[in-house]
1. Got a sec to turn the phi values of the range 40-51 into Karplus ³J(HN,Hα) couplings, 6.51 cos²θ - 1.76 cosθ + 1.60 with θ = phi - 60°, whole Hz, x for Gly and Pro?
2. Taking 0.36 nm per residue of sequence separation and subtracting the Cα-Cα distance, how much length would be gained by fully extending the chain between residue 55 and residue 15, in nm to one decimal?
Amino acid sequence: MRNKIRELRIKKGISQQQCADDIGISIRTLQRYEKGYLGGIEYLKKIADYFDVSLDELGVFPEEENNTQI
């Protein structure tokens, strides 16, 4: 996830401030997520929805966990 959010934001051609404003979070929160901070799932869902990707595509869940069979 560390660079995925930043990558998506740059691909969309928007600044951190614009992205944070559009999502409804502070720029500091966005910066923390771009650096790999795994905070509240509600913010991660907002970010995923904004970029029209799944939480898996954001890299929120490590691949080992995704492939674990129950």
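Please treat every number below as a calculation from the coordinates, not as lab data. Just so you know, these numbers come straight off a predicted model, no measurement behind them.
1. x, 5, 4, 6, 4, 5, 4, 5, 4, 4, 4, 8
2. Full extension of this stretch gives 12.3 nm more.
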